[in-house]
Each structure stands twice: as C-alpha cells, then as structure tokens.
1. Hey, with R₀ at 56 Å, roughly what FRET efficiency would B:Asn413 and B:Glu170 work out to, going by the Cβ-Cβ distance, to 0.05?
2. Per the Kirkwood treatment, what hydrodynamic radius in Å, one decimal, follows for chain B from the mean inverse distance over all distinct Cα pairs?
3. Using only protein heavy atoms and a 1.4 Å probe, report how much of B:Lys384 is accessible, in Å² to the nearest 10.
4. Which residue in chain A puts its Cβ closest to the axis that rotates chain A onto chain B, and at what distance in whole Å?
5. With the other protein chains left in place, how much accessible area per residue, in square angstrom, belongs to the stretch B:213-324 at a 1.4 angstrom probe?
6. Taking Rh as the Kirkwood radius, which is the inverse of the mean 1/r over Cα pairs, what is the Rg/Rh value for the stretch A:180-240?
7. How well do other chains shield peptide B:20-28, expressed as the mean number of their Cβ atoms within 10 Å of each residue Cβ?
8. Which GluC sites (Glu not before Pro) in the stretch A:1-85 sit in a loop by DSSP (not H, G, I, E or B) and have at most 14 other Cβ atoms within 10 Å of their own Cβ?
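The values are calculated or read from the model by the stated rules, or taken from the named source; none is laboratory data. Keep in mind the model is a prediction, meaning the values are calculated, not measured. Heads up, the Cβs are rebuilt from the backbone with ideal geometry, glycines too, and the neighbour counts pull from every protein chain shown. The protein model used for the area step is the full one, side chains on, heavy atoms only, and it has no ligands, DNA or RNA in it. Shrake-Rupley method; radii C 1.70, N 1.55, O 1.52, S 1.80 Å.
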Number of protein chains: 2
Amino acid sequence: MNANFDPTRTIAELKELRALTGDENGAQRVAFTPAWAKARAWLETKLAAIPAETHRDEAGNLWATLPGESERALLIGGHIDSVPNGGWLDGCLNTLAGVEILRRVQAEHAGLPPVTVRLVDWADEEGARFGKSLFGSSACSGHLDLSEARTLKDKNGVALPEALREYGIEFENVGACQKELSNAAAYLELHIEQGPVLLDLDLPLGTVLGTFGVERHAITFRGQAAHSGSTPMHRRKDAFLAAAKMAPEVYRITDRHGGVGTIGSCTTKPGIVTSVVEECGITLDQRHLDAGALSRMLHDAKEASARFAREGGVTVGWDRIWNIEPILFHQELAAMSDAAIAEVGASPYRLPSGPLHDAAEVARAGIPTVMMFVQSLHGISHNKIEDTKEEHLEMAVTAFDKLADKAMEWIQNVNRD
Amino acid sequence: MNANFDPTRTIAELKELRALTGDENGAQRVAFTPAWAKARAWLETKLAAIPAETHRDEAGNLWATLPGESERALLIGGHIDSVPNGGWLDGCLNTLAGVEILRRVQAEHAGLPPVTVRLVDWADEEGARFGKSLFGSSACSGHLDLSEARTLKDKNGVALPEALREYGIEFENVGACQKELSNAAAYLELHIEQGPVLLDLDLPLGTVLGTFGVERHAITFRGQAAHSGSTPMHRRKDAFLAAAKMAPEVYRITDRHGGVGTIGSCTTKPGIVTSVVEECGITLDQRHLDAGALSRMLHDAKEASARFAREGGVTVGWDRIWNIEPILFHQELAAMSDAAIAEVGASPYRLPSGPLHDAAEVARAGIPTVMMFVQSLHGISHNKIEDTKEEHLEMAVTAFDKLADKAMEWIQNVNRD
C-alpha cells in the first residue's frame, strides 16, 4: 500500500464534515443553501492541498483534475449535498473516497499519471430544495429538461434559476457543462447501499449492475357514492374495493417478474365513513433492471386494474407521472469491481440499484460506468440513523481505490487499441 | 274511500313545499335555518285548517293533535327538515301523508275519534347543520346525549344551544319533551326507501323490520416507511397492503353473515409515490338487523385485520367511532303494514332499514313502532334526483292511511284488554 493512501483518513474527514455541516438531526447540506456552500469550500481546501486543478462548471459541478499523459480521463463522482436531516455517508463518502484516490494517484505518479484522473462533486444530486434530483449530472449528460427545471420553485416560492444565481450559476447556460465529459473514458462511483440487500447477505460490498428503470403512474378508480346503510353489497360500485385489490397484485407481479412495485398513496372521495367510495386514487411505482420485464410488470398491472374495475362495475384510468429506462452499467468495469472487492477479502456480489444515482446520468451519456455499494447497517438512508461499520468503510475505500487503479489501466489499454 | 282523503292532494302539497323551499339544487330545508322555519310555518297553516290542536314541544318538535275518546294515542311522524340539496320526498312525504290522515280521521269521526291521533314533525332529523342526526326524536326518547350535543358547532362556529335559542328552544330544557310520549300507544312512519331494494324487486311498498345496528370503527395499520426503489419486497412492512386486504374481506364477511359493511375512507402516511406506506387508516361501518350477527361481523373483521397485520409484519389498532344496537319494529304493527300494502294491490315485502330514522328513537322509548317504505326510483337519497313514481306515492299514502286505521283499531282493542 502506498503511504499516501489511508482510508482511515477518509473516515476522519467524513466525521470532520459531519461536525461542520450536520446537527443532532443529521446532515444538513441541502444543495444551494449556505451549509452546502460551506461544505464545498471545505472540500476545495482539501483538493487544493493535493494539489489538483479545480473549477466549477456551468451547472455548479465541482471538478478536480490531475492531468495525465493521456487526456482520456477516469472520472470519480460523488455529491456532497444531502437531504435535510440526512445520513452522514450518502454522497459524501463517494466524494471523499475520490479525494483519497486523487492523493494516492498524485503521489504515486509524481504528478503525471498515465491517464487523466478527475473527481466531480455533482451539484444537487438529491433535489431536496426543488424536488428534482440529479440536477448537475443531468445537465452534464444533456438530459436536463430545461423547460421543466425553469419553473421549479422551493417551498418559499424561490425559483430554481434565482437560487442558482446566488451561487454563481446562470441557469440558461447550464448545458455548456456537457463539454466536461468530452474526454471521459470511464466513470466510477462508490455509494452506501440505501437498502438492506448487502446487510441481509452479510456482505460488506457489492458491484452495482445498473439502476432500475421506473414506471410511475397515478391510477384512478371511479365508482358511485352510495349510502353505507341502505345500499346492498351486490349493488355497490366501490372504487376502494377495486383499488385495494391492486395491493396484493403488485406483490404477485414482482413474484412473477422480479423488480419492485410500490403503492405509496391512496386517497378516497367522498372519503366519509357513511358512504361507499366513489373515487379512489393510488400511485404505483414499478422498477426493474430489465426493460422488457419492466414493460411486462406495467402491462400486468394495467390488465389487473382493468379486471378489478370490471369485477366491481367501476372504471379505471391511468396517468403516467414519470418514467425512465433501466440504465445498465459497464460489464468490464463491473468485472473489475468484482475483482477489487475480492482483493480486499470480501465476496463479490452483484445487485441492482433501486434509487437513481448520478452514475446513471453519466452512463446515459455513453460513458462506461460502474458503481460499488457498501453495506448500510440498518438498510436505511435519508435518515440520521444511516450508518456503516468503520471496517466496512475502510474496505470500501480500499476496494474502490483498487477499482480506480484497474480502470486507469483499462483506459490506457483501450486507448492503445 | 272517504271523500276527505285524497292522496293526490299530498302530492300537490309536496310540490307546493318544493316550490316554496327548494331550488334547482334540491330541497334546502336545513333544520334551524330560515328555509326550515318557512316550511314549518307553511305546515302550521295546513294543520290549523284541519283543524288540529298544534304546539311545539321543548325540543322544537311540532305536534298536531286530534283528541279522541281515549287519551291513548296513535302517533304519525315525519320530518320537514332536509339535507342541503336534498330530495323532495325524504322526510316531508311522511309529514304530509300524516296531514292527510289527520284530515280523514277528523272528518270521518266528526271530531272525536275513538283514540287520540297525533302527527309529530320532528326537529332536525338530518343533523345537517350540526352533524348530529335525530335531535328532536332522541330528545323525546330520552337518548339525546346533552353533554355531547351542548358542544356541537356548525361550520360558522355557532353552537347548537345558540342556534336553538333563535328558534325559541332552550337547550337545557329539551328533555322535558319526553312527556309527549306518555300516552303514545303506537308510532307509524312512512319514508322513501333511500336504497334500491324495492326498485330491484319492482315493488312499490315494503314493511320495515327495524333499523340496522351499527358498529363504526377507525382502523389503523402501522408498518415502516421505506424507499420504493431500494427495499426488496420481502423486507417491506407495508401498512397499505394489510389495510387493502380488508376491502374484499368486508364483502366476504357480509357474504357469511348478511348485513352491510363499508370502508368509506383510506388515508396513507407519508403518502408519497417513492415510499412504502408507514401508516394506513381506514374507516369501517358495519350494519346488521341482528345484534348477534353484527357482533360476529365485528369479530370477524377484527380477526382478519390481526391476521393481515401479522402476515405483513405490521400492527393494527381499532378505535370505536360510534355504535348503536339494532332496533326491531313491532311484529303486530308489521303484520298490519303488510295487510295494508296488500289492500292497495301490492305484494307485501319486508326489509330492514340501513339508515336510522326517527322511528328508531321512538321504538327505543318502548313505543310499538313500524315504518313503511315506498320505492325510490334511482335507489338514491340526499340528492336532488331522489324521486318516486306518482302512482307509487298515491299507493303509499293510501296504504299508510289504511295502516293508520288498523293501528287505531288495535290500540282500541289493546286498551280494552
């Protein structure tokens, strides 16, 4: 091991950041707020000490570059922003592991690595203030919907473009940051899992196959209000009955196809104790790593909803809220991640990511990408109780550094072909 | 037929009342409002013309009396108050059929019928302004909960006692009206069905067996919020899944026991598209004419909820909102109602009442009681489209008059025993 590489320093820096920008309720680094700016300034002092060239791009993403013999670049990404009352690892573990790798690469190659190595701290991964996640990375990938983002407001009515201006970002110009990816040859991201899969398997680390595709819909069943006392059961057009049948059906659908499916909300009208439900609205969020399977999940849910509506003499309507295709990570990089995990003494394991990550945006832009997950102690994220054993954090930073090394070599070889 | 009895006059008077106190949205005779007072004043002119002795009791109920040879009294009840945007028949059909019967009895017995005959127009059957139905009749039966009623407010914050005072009623004294029932020997009430049972059977009239007992509960399932993308299906503690299983179960319970059961509202927390539901609240309203069956329905629902909670790793809690025992009407009076229905050429049929009626309060006070239902064209009530064929209205008033005659004779005979 290189004397300049020390994963315990990453843990110490994570604690330093927590003390600087968290409180008793958790991390408070919401993007485009003073606490976030404070975290960014702290990060810049760390980067300046490496030393690395740093600048902020047109979308507010912070880039730290170690120029190499080749312009082809290995990118390492993270996000120092958090949700309000967030966990101490979500996003910043990625960034600070990247800082440690830059230190190691800078020292090991005496200032001139064979390929360029860049750390990017994405702006507003969480979307906590404006309700739209992956702002900086989607601007960079070219997938940010400007007409939609232009109208976003925070809870105080401040528009996104106005908030960005306070942090030196000109909204209409954010797309210019796409040039940052021009020499990108690979992208790596380490992240706490945010789910219980590795915890249940007692594994410290995993290689991420990709991010789930998402089909998100509002489903409305419409029947007829009727008096709860005077309407015989066989005469009812009960919108709640039809909607409720969807709940176990969503589980049967994932039993058949894999993936996940969630009914997150249910509303009833008139919604009073003495009336049969006239209108029942539910939301359905379905996710799968395989586009065909996701499509079959959606098909099955639609078919079931029509059947339940027919059985109950009610109607059903679907409105898409949002969707995104599954984004698969790079097979060769995934193999390198497996190997890096094995080298730190852990069993390689592959799993999909339910939540989206900045890595998905980079992959959508055509850059070979992979993520590594580290176990989450409670299987919980976006919460102050989010945690990971320190031994697992050390293993994660070490394995991630090994992955970076393998990726640099791969970029050199690909370049040579 | 007596020349003084004319059911088409009842229909004409119903239309007169509609023109006086309704609008394009339906009946507007909400109790303790000017429209109701106007309807009451109109009714008093009709009663004065019979002539009948009239007075308002301490709870605002309007009594019209034809004193008889015996003080033992046949009571005929109705309510001229309506819900806002109500139907043109609900309640006032009862009252105006009673007016026609008083006319007939007065004429036929030359001012001295063998038993006393009284019409009561109950105050605030609907509870539309203060959310508490059966005000006048429960005051009279002795079942009005004064401590609860004292605190009731309308949507403008006006307290019930204050509103009553405007109509000459002293809240603290309403219980004194119980004396009105001291000589009551039987109570009859005609009402539009408010449900589709007679419509489905193509029957104009029915004899009401009694009013359903009601068990009304709020049921809360508590699980755990979790990310919709990162939480495997088998790890979820999905409060909505458990609650949703109750919907078909409520139908299975009525398949087994009869009666009706309704889940009228469903709420979810956090209630967002990207989270498994942590807390789901539903309301359950179960009704049955048989107290034992109602108790078994409730038992089965509780047992099922515990089973669904267990299956889903969530907890469940029950809170009673309200309950009332089934109230059975009088068998001999029911037989007279059947006979009266047959005498107008219709097939007798017996059915329970899902909604409560003033008759239930009178029956609770120990007075032999029966109701007669007339078919509702759309099976719908509390709505401007509420309607009944005029030929059915005529049959109803005629059959109800025959029932009154039989009841008077029965009272005489009972008195004699």
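1. Using R0 = 56 Å, I get an efficiency of 0.90.
2. 22.8 Å
3. Solvent-accessible area, nearest 10 Å²: 120 Å².
4. Here the nearest residue and distance are A:Ala244, 2.
5. Value returned for the stretch B:213-324: 38 Å² of accessible area per residue.
6. When Rh is taken as the Kirkwood radius, the ratio is 1.39.
7. So the per-residue partner count for this stretch is 0.
8. A:Glu24, A:Glu69
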